[in-house]
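Visitor: A single structure is presented below for examination.
The values are calculated or read from the model by the stated rules, or taken from the named source; none is laboratory data. Predicted, not measured: the structure shown is a model, and the values here were computed from it. Here Cβ is always computed from backbone atoms with ideal geometry, including for glycine, and neighbour counts include all displayed protein chains. Remember, those area values only see protein heavy atoms, side chains included, never the ligands or the DNA or RNA. Shrake-Rupley method; radii C 1.70, N 1.55, O 1.52, S 1.80 Å.
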Amino acid sequence: KDANAALLSNFEVYQLLTDLKQQRKESGKTKQSSGQQNLNTIMYETLKYISKTPCRYQSPETVREFLVAMKDHKLTK
């Protein structure tokens, strides 16, 4: 499958952003370009919004169970 064409669930986006935030916190602070500051703002706003959704309480197992349960319905994008 084409990795660039895959859809991400809100849970996957939430996990990705929280992991990235943790990595940046551990690496320390350095001077950032304006493009990097814009990316940080987008990450912050996205994480702030998505933290208010149910995906915050999901786990990889629940997402997997949902996808298996929905497979029989043959839904499209």
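Visitor: Yes or no: segment 19-30 includes at least one residue that is under 18 Å from Leu7 (Cα atoms) and not in a helix (DSSP H, G or I).
Guide: Let us first name the residues in segment 19-30 that are under 18 Å from Leu7 (Cα atoms), namely none.
No, that holds for no residue.
Visitor: While we're on this one: What's the total number of residues in segment 31-40 that are hydroxyl-bearing (Ser, Thr, Tyr) and part of a helix (DSSP H, G or I)?
Guide: If we filter segment 31-40 for residues that are hydroxyl-bearing (Ser, Thr, Tyr), which is where we start, we get 33-34.
Narrowing further to those that are part of a helix (DSSP H, G or I): 34.
Within segment 31-40, residues that are hydroxyl-bearing (Ser, Thr, Tyr) and part of a helix (DSSP H, G or I) number 1.
Visitor: Any chance you could count how many residues in segment 16-26 are of a type outside the set (D, E, K, R) and either surrounded by 12 or more Cβ atoms within 10 Å (Cβ to Cβ) or touching a Ser or Thr at 6+ places or on another chain (Cβ under 7 Å) (or both)? So that I can check it myself, show each step before the final result.
Guide: Taking segment 16-26 and keeping what is of a type outside the set (D, E, K, R), we get 16-18, 20, 22-23.
Adding the requirement that they be either surrounded by 12 or more Cβ atoms within 10 Å (Cβ to Cβ) or touching a Ser or Thr at 6+ places or on another chain (Cβ under 7 Å) (or both) leaves 16-18, 20.
Total satisfying the criteria: 4.
Visitor: Taking segment 21-48 as the search range and keeping residues that are touching a helix residue (DSSP H, G or I) at 6+ places or on another chain (Cβ under 8 Å) and at pLDDT 90 or above, which one is farthest from Arg64 (Cα to Cα)? Write out each step before concluding.
Guide: Within segment 21-48, the first condition is being touching a helix residue (DSSP H, G or I) at 6+ places or on another chain (Cβ under 8 Å), and the residues that meet it are 21, 32, 43, 46-47.
Add one more test, that the residue is at pLDDT 90 or above, and what stays is 43, 46-47.
Values: Met43: 25, Thr46: 23, Leu47: 22 Å.
Residue satisfying both the conditions and the ranking: Met43.
Visitor: Quick one: count up the residues across segment 54-77 that are under 18 Å from Asn10 (Cα atoms), part of a helix (DSSP H, G or I) and not aliphatic (A, V, I, L, M).
Guide: Of the residues in segment 54-77, 10 are under 18 Å from Asn10 (Cα atoms), part of a helix (DSSP H, G or I) and not aliphatic (A, V, I, L, M).
Visitor: Counting only residues that are in contact (Cβ under 8 Å) with a residue 40 or more places away in the chain and among the acidic types (Asp, Glu), how many does segment 58-73 have?
Guide: Residues flagged as in contact (Cβ under 8 Å) with a residue 40 or more places away in the chain and among the acidic types (Asp, Glu) within segment 58-73 amount to 0.
Table: residues versus (1) open to solvent by 100 Å² or more (accessible area, probe 1.4 Å); (2) of a type outside the set (D, E, K, R).
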residue: Ala5; (1), (2): no, yes
residue: Leu8; (1), (2): yes, yes
residue: Gly28; (1), (2): no, yes
residue: Gln36; (1), (2): no, yes
residue: Leu39; (1), (2): no, yes
residue: Tyr57; (1), (2): yes, yes
residue: Asp72; (1), (2): yes, no
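Visitor: Counting only residues that are touching a residue at least 12 places away in the same chain (Cβ under 8 Å) and either open to solvent by 100 Å² or more (accessible area, probe 1.4 Å) or in a helix (DSSP H, G or I) (or both), how many does segment 41-53 have?
Guide: Total meeting the criteria: 4.
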